[in-house]
1. Does segment 215-226 contain at least one residue that is modelled with pLDDT under 90 and more than 26 Å from residue 164 (Cα to Cα)?
2. Limited to segment 192-219, what total is found for residues that are in a loop (DSSP other than H, G, I, E, B) and over 16 Å from the mean Cα position of the chain (by Cα)?
3. Restricted to segment 30-51, and to residues that are of a type in the set (Val, Ile, Thr) and touching a residue at least 24 places away in the same chain (Cβ under 8 Å), which residue is surrounded by the most Cβ atoms within 10 Å (Cβ to Cβ)?
4. Pick out the one residue from 201, 145, 193, 186 that is exposed (fewer than 13 other Cβ atoms within 10 Å of the Cβ), modelled with pLDDT of 90 or more and within 28 Å of residue 7 (Cα to Cα).
5. Quickly run through segment 117-142 and pick out the residues that are surrounded by 19 or more Cβ atoms within 10 Å (Cβ to Cβ) and of a type in the set (D, E, K, R).
6. Say we look at segment 64-82 and pick out the residues that are within 20 Å of the chain's Cα centre (by Cα) and of a type in the set (A, V, I, L, M, F, W, C); which of these is modelled with the lowest pLDDT?
7. Six or more apart or on different chains, Cβ under 9 Å: which pairs go from a residue in segment 203-227 that's touching a residue at least 24 places away in the same chain (Cβ under 8 Å) and more than 18 Å from residue 182 (Cα to Cα) to one that's in a loop (DSSP other than H, G, I, E, B) and among the acidic types (Asp, Glu)? Could you list them?
8. Checking residue 173 against (1) at pLDDT 90 or above; (2) out of contact with any Asp or Glu (no Cβ under 9 Å at 6 or more places or on another chain); (3) surrounded by fewer than 22 Cβ atoms within 10 Å (Cβ to Cβ): exactly one of these is not met. Which one?
Amino acid sequence: MNNFNQRFFDILFSLLAIILLLPIFIVVSIVLLVVSGDGVIYTQKRVGLNAKVFGVYKFVTMVKDSEILGSGIITVKNDSRVFPFGKFLRKTKINELPQLFNIVKGDMSIIGPRPVPEKHFLHYTENAQENIKRIKPGLSGLGSIVFRDEEEILEKVANDKVEFYDRLISPYKGKVETWYVENTNIFLYFKLIWMTIKVVIFPNHKINFQESFKNMPTPPNELRVLL
C-alpha cells in the first residue's frame, strides 16, 4: 500500500475516532483521577519505525512502578498489580485508546506490527527485526488479533510464564508480524481494521487464521493448542 494513502487513512480514522470517543476519554479520565491516585495517562517505551524507541500512550491500569514488580513487562491474568477499574479498561481494550494520539503524531499507524518493549524486540530473529522496523507499528494488527487474549494464554501455562513467553510467544509474534510486513496492502489494511472491530465487539469470536490469511505462519504445537 502506498505510504501516503495509509497516512491519509490513519489521520482520517484516528481523528474521527477521537471525536466519537471523546465522552469515553472524559469519563475514563475522571474515574482514573479518583481511583488510581497516579494520573490518567502513562508512557511506555516501545520500539517503532527504524527501531527508534518512542513513547506509547496508555490509560493507567496498574500500580506505580509496576514494570519492576511481579512478572515485569509481562501481564498475567488476575495480575495483582492491576487495580479493579484497570482490569475493565484492559479487558475492553479501552486502555489502548490514547494511542490514537500516537497515530496523529505519526509514531504509529492504525494497522501494523504491535510495538513491543526493546527486550521483547530482541527476542525476534534478526530477519523479523529487520522487517518489523521497516514500517510503523500499529494500534492493532495481525499479531494483536492473534494474541488478543495473551493474558488468558499465559494463564494456561503451568510452568515459568516468562520463559514460555520468551521461548514461544515472542518468536511466533515475530513470524506473524514479518508475514504482515511482507504481505501488506490496502485490502489487508481494511480487513484487519474490520477484524479488530469485530473481535472488540465479539471477544469470544473464533478466527481460523490459516484460512483467513493465506500462507500465514503456523504456530508451534505447544503454542497452537493454547490459541
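1. No - not one qualifying residue is present in segment 215-226.
2. Qualifying residue count for the region: 13.
3. We begin by selecting, within segment 30-51, every residue of a type in the set (Val, Ile, Thr); these are 30-31, 34-35, 40-41, 43, 47.
Still in the running and touching a residue at least 24 places away in the same chain (Cβ under 8 Å): 31, 35, 41, 47.
Values: 31: 15, 35: 13, 41: 12, 47: 23.
Only one residue tops the list, namely 47.
4. Numbers: 201 fails: modelled with pLDDT of 90 or more; 145 fails: exposed (fewer than 13 other Cβ atoms within 10 Å of the Cβ); 193 fails: exposed (fewer than 13 other Cβ atoms within 10 Å of the Cβ).
Selected residue: 186, the only one of 201, 145, 193, 186 that is exposed (fewer than 13 other Cβ atoms within 10 Å of the Cβ), modelled with pLDDT of 90 or more and within 28 Å of residue 7 (Cα to Cα).
5. Once the filter is applied, which keeps residues that are surrounded by 19 or more Cβ atoms within 10 Å (Cβ to Cβ) and of a type in the set (D, E, K, R), segment 117-142 yields 133, 136.
6. Step one: filter segment 64-82 for residues within 20 Å of the chain's Cα centre (by Cα), giving 66-67, 71-79, 81-82.
With of a type in the set (A, V, I, L, M, F, W, C) added as a condition, the list becomes 73-74, 76, 82.
Values: 73: 60, 74: 65, 76: 56, 82: 84.
The qualifying residue modelled with the lowest pLDDT is 76.
7. Between residues of segment 203-227 that are touching a residue at least 24 places away in the same chain (Cβ under 8 Å) and more than 18 Å from residue 182 (Cα to Cα) and residues that are in a loop (DSSP other than H, G, I, E, B) and among the acidic types (Asp, Glu), the close pairs are 203/149; 227/149.
8. Answer for residue 173: the failing condition is (3).
The values are calculated or read from the model by the stated rules, or taken from the named source; none is laboratory data. Please read these numbers as outputs of a predicted model, since none were measured by experiment. Because the Cβ atoms are built from the backbone with ideal geometry, glycine has one as well, and the counts that use them run over all protein chains shown.
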